[in-house]
Each structure stands twice: as C-alpha cells, then as structure tokens.
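J.: Provided herewith is a single structure, encoded as structure tokens, for subsequent inquiry.
The values are calculated or read from the model by the stated rules, or taken from the named source; none is laboratory data. Model, not experiment: these values are computed from the prediction. Note: ideal-geometry Cβ built from the backbone for every residue, glycine included; neighbour counts use all protein chains shown. Quick note on the areas: whole protein, heavy atoms, side chains included, nothing else; ligands and nucleic acids left out. Shrake-Rupley method; radii C 1.70, N 1.55, O 1.52, S 1.80 Å.
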Amino acid sequence: MSQAESKRSLSTTEGFQSNVIQALQLAKKDLESKNEKANFIRIIMRFPKIRAVFDRLRAIHTRCDKSGDGEVDMDELTEAMTELFNEGRAEGRDPIKPSVVARTLSISEVEGEGEKKSQGLDVKQFIVMCAIGFILAEENKDISTFGGMLASGDDAYRVAMTDVVTAYLSFDREGKGYFTADEFNGFMTASKRADAAKSFFTDERWAELDVSGDGKVEFEEFVYAFSRWVSGDDDDDDDDDDEEGRNRSKNPLASRVLLALQLSKSILDKQKKDVNFTRIIMRFPKIHHVFDRIRTTHEKYDLNKDGRIQLQELHDAMKELMNEKNEDGTDAIDYSTVENIFMLSDLDHHGLQEGLDAKEFIVFCAVGFILAEAGGKSAKLVTGEVSANDEGYRKAMMDIVGAYLTFDKEGKGYFTSDEMHTAVSGCRKKDAGNLLTPERWRELDMDHSGRVDFEEFVHAFSTWVTAGDDEDE
C-alpha cells in the first residue's frame, strides 16, 4: 500500500484497522531485522518500568478530562492534541485531522459483549488509544496522533510502547491483527519458561483478553487487558481494607495528587532547576521552622489534648483560619475535599475518629499545598491558600516537593528502593548518602509495598527534618 493510499484509508473503519495491522507488520519486521524474538516473559520483568509510564498516562488522562467525568471525549482529546502540536511535538507531520482522531477514539473504546459504548475513554481505554496512536505514527511519518506526539523526545514512553507491541507479537507471531486461544496456549507450550508462562497465563487471563467474546483477541483488546496486568488492578485487592482505613486507590484525590506532582515537575523543568537533595538538606533549619509553626497550629486545635486532630476539630480550625464564605453566606470550604485529604494523610490507619498526629498533619498541609498549586479552588480553601501570603511556608513546601522529585524523577506518583539507591549514588556530597540509609527506606515504605508515595515521603521527611526534637524520633 502506498503512502497516499494509507493516508486515504484512514478515513474508513476498515482502512484504519488495515493501517493498524500494517503497523504491527512493520514492528514484526523490525524485530526480525534485529534478530530478536517477541518474548513475553522478558516483558514481564520490565513491568515496573512500563507501569511507571502507564502511571504518567493516568495523570495525563486526568489532565485531559476537563469535565471531571472520568472519561476523555473527542473535544477534550482534540484540545490536548492541539496543545501538544503547538508545542512542536509533531514536527514535520500533517496537521491534526478530526477524522483520524475520531477513528482512533472509536477503535479504543474496548467494551465487553453487550456493554453500551460511552462517549469517551476511561483510563485503560486511553492507554489503548496511546498505544494505537504510537504504532500508527511509527508506520506513517505524516499523520499526527496523540500517542505518536507523546513519543516525541520521551525515550521511556517509546521503550514502554515498544514493549507493549512486542508483548502482543509474542502471541500474534504473524502480525495479522489478532490471535486465538490456540495461539495463546501455543505460546505457553513453545516458551522456554513454560512453568512461568503457565503460572501467569491462566484461563482467567484469556477471559480478560477476549473482551468481545468472539474467540479472537485484537491488538486493542490485548492492550486493554495488558494495562490491567501491568498496573496490578484488581477489584478485590482492597476488600480487606478497613472502612475508614487509608485506601489510597479509591480516594478521588489520588489522581489529582499525581497530576499536581506532574505539574510541579514541569515547572521545575521549565525553570531548569535540578532537584538536589543535598541542597535541600542545607535548608533543613528553615523547613524546621515552618514545621514548628504547623505543629503549633496542630497543638492549638487539638482541643481535647490527645495529640491528634479529629476531623471535626479540623473543620472548626479551618472555619477560623480561612473565614471564607459564599455569596449566600454559607461556608465556602469544601468539606468533602478536606475529608479526602484527611484520609490520604492518615498513614497509621487510625481513621476519622482518632484523627491525625502532628506528622500526619504536616502531610495534610503538604497535600493541600500541591493540590492548590495545581489550581484546585477547593484545595486552596483547605491548606494551600496560606502559601499565597507566606513566602517562608511556600519555599518549605516547594522544598518538600523538590526533595520528593529527587527520587521520583518522572513524577509518576511513587518511587522504589532502586530509584532511591540510584539517586543517592548520584550525590556528590556525603550528607545525603549518610541520611538515606537502608533504615531510612524502612521509615519511608510504611505500608511495605515496595513503593513510596508522596504522603509516605512527607511523613518520613518530617521526621528527618525534626530529628532530635523528641526522644522517640
């Protein structure tokens, strides 16, 4: 098929799918030219790096979802693409074509048999769209797709998407655009690590893959299921969490925190400020001073003097501190946001009744700050508003964010012990190396998940800054 024919055929559903198959064929030939074989077992070993990219895509999905309904529709996607195009992320390519955007969105709407299609893409469908856009842009150097634009200048994204395609070709070895149950089972028989393959590829996995139930798994269906495997999504994972426990995955603010970290990273990148933990250590005395003020506030509003601020006490404190009213005289503070930040900060899982201790209250303030920086009006009425007129507070909070991004360099919402070790190894001065010991990692990873999120980091960071204040710290 000529380049002109390829471009014309994108205007029809059949032609669009033909282009996807053509792109898969190209990826297959590229592997063969390098004498490489599609090997899913090797890809499994790369899940952490792919997950990091998928987490970034989740944050981008949240940013694109202007309406806040959990889905990205045609208008929102076109607006996001236009922004990327204007940033020069599609240099040398054709202008954005609405027909291509519509076809990409439509083919990405993976739904189960009998399910009604929605008007937009949820997070997993959004990842599917990015993968389809990536392979189409790789095959056709003229078209502009969202997934193709994201690959511009982003090696980690490019590698992750290449891994997705390679994983798919482990089953569809001919690159014909689908694979069957026989081919799925044949992979396990042919694999040199058959035991490992069989332990992963169960009958339940096939059911997850064959979303449409037609006995064939197309590329988009594969990516939809693959995104779940990589991210470890499981609806039953949180069943044993306490009703009032810190269930971060179900907290509606978790995605906004991730977006706020992405925006903070973008600001630092534009300012060409290299996050440096050693420099932040030198600022510990000034950060300590701000933390002392936060502790004083905590003590003031701990009315029953039990060392914790309960949710009701926090509500009363904010009424006094913010003194904000709507035009009709009602409180302007969004108490649902307050409660959600409260639950994110409840790292010892004591719940709403027992409340937050002083270090968790520092976490509460830090989360409120970054949400306010991301532009959330309700968050500004929680804890971020104070930073507008308090330069010392603002600098301390930005130092916390900078310190966190020393380890989570991609702003994906967490970092691992390997990433911490890499960051420490890069420190020229011994101060950071002496501070960031294996013992510190145990302080950071409070839930023993192997990953440290922003709230866990702030909790441990507050201990390091105020070390020596209390004997138990």
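J.: So how much slack lies between GLU204 and GLU91, counting 0.36 nm per residue of separation and subtracting their Cα-Cα distance, in nm?
T.: Numbers: separation 113, 0.36 × 113 = 40.68 nm, distance 4.30 nm.
That pair, GLU204 and GLU91, stretches by 36.4 nm at full extension.
J.: List the extent of the Cα atoms of region 18-102 along each of their three principal axes, largest first, rounded to whole Å.
T.: That gives 44, 31, 24 Å along the principal axes, largest extent first.
J.: Please calculate the 1.4 Å probe accessible area of SER425, with all protein chains present, and give it to the nearest 10 Å².
T.: Spelled out: SER425, probe radius 1.4 Å, area about 80 Å².
J.: Between ARG440 and MET282, what is the FRET efficiency for a Förster distance of 30 Å, r being their Cβ-Cβ separation, to the nearest 0.05?
T.: On the way: r = 18 Å, r/R0 = 0.60.
About 0.95, to the nearest 0.05.
J.: Label-point separation (nm) for ALA156 and LYS216, each offset 7 Å from Cα along Cα-to-Cβ?
T.: Modelled inter-label distance: 3.7 nm.
J.: Separate question: Using the Karplus curve 6.51 cos²θ - 1.76 cosθ + 1.60 with θ = phi - 60°, work out ³J(HN,Hα) for each residue of region 175-187 in order, rounded to whole Hz, and write x for Gly and Pro.
T.: x, 8, x, 6, 9, 9, 4, 5, 5, 4, 6, x, 4
J.: Given a Förster radius of 41 Å and the C-beta distance between ASP142 and ARG228 as r, what FRET efficiency does 1/(1 + (r/R0)^6) yield to the nearest 0.05? Present the calculation step by step, with values, prior to reporting the outcome.
T.: On the way: r = 33 Å, r/R0 = 0.80.
Once the sixth-power term is evaluated, E becomes 0.80.
J.: Also, quick follow-up: Using a 1.4 Å probe, how large is the accessible area of ARG205, given in Å² and rounded to the nearest 10?
T.: Looks like 60 Å² after rounding.
J.: What nm value, rounded to one decimal, do you get for the distance between HIS349 and GLU174 when each label is placed 7 Å out toward the C-beta?
T.: It is 5.1 nm.
J.: Taking the Cα atoms of region 73-168, what is the range of coordinates along each of the three principal axes, in descending order and whole Å?
T.: Dimensions of region 73-168 along the principal axes of its Cα atoms: 41, 31, 19 Å.
J.: Oh, and also: Give me the extension gain from GLN25 to LYS300: residue separation times 0.36 nm, minus the current Cα-Cα distance, reported in nm with one decimal.
T.: Gain on extension, GLN25 to LYS300, equals 92.3 nm.
J.: Work out, step by step, the length gained on full extension between SER417 and ALA467: first 0.36 nm times the residue separation, then minus their alpha carbon distance; give nm to one decimal. Numbers along the way, then the final one.
T.: Numbers: separation 50, 0.36 × 50 = 18.00 nm, distance 2.21 nm.
My answer for the length gained is 15.8 nm.
J.: Which distance in nm do the two modelled labels at HIS289 and THR78 give, with both placed 7 Å along the Cα-to-Cβ direction?
T.: The modelled label-to-label distance comes out at 5.3 nm.
J.: Report ³J(HN,Hα) in whole Hz for each residue of region 77-87, in order, from the Karplus equation J = 6.51 cos²θ - 1.76 cosθ + 1.60 where θ = phi - 60°; Gly and Pro get x.
T.: 3J(HN,Hα) across region 77-87, in whole Hz: 5, 4, 4, 5, 5, 4, 4, 5, 4, 5, 7.
J.: Let me ask another. Given the pairs LYS216/LYS250; LYS29/LYS176; LYS300/LYS359; LYS270/LYS409; LYS49/LYS265, which are separated by over 22 angstrom at their Cα positions?
T.: Details: LYS216/LYS250 33 Å; LYS29/LYS176 13 Å; LYS300/LYS359 15 Å; LYS270/LYS409 14 Å; LYS49/LYS265 19 Å.
Table pairs above 22 Å Cα-Cα are LYS216/LYS250.
J.: Would you list LYS97, LYS141, LYS28 from the most to the least accessible area, probe 1.4 Å? Numbers along the way, then the final one.
T.: Numbers: LYS97 95, LYS141 115, LYS28 45 Å².
The most accessible residue leads, giving LYS141, LYS97, LYS28.
J.: Could I ask something else about it? Ordering HIS289, HIS315 from largest to smallest accessible area (1.4 angstrom probe), what's the sequence?
T.: On the way: HIS289 115, HIS315 30 Å².
Output order, biggest surface exposure first: HIS289, HIS315.
J.: Taking H as built 1.01 Å from N, whose amide H comes closer than 5 Å to the amide H of LEU121, not counting residues under 5 places away?
T.: HN-HN under 5 Å from LEU121: VAL72, ASP73.
J.: Can you give the accessible area of THR166 in Å² (nearest 10), computed on protein heavy atoms with a 1.4 Å probe?
T.: 20 Å²
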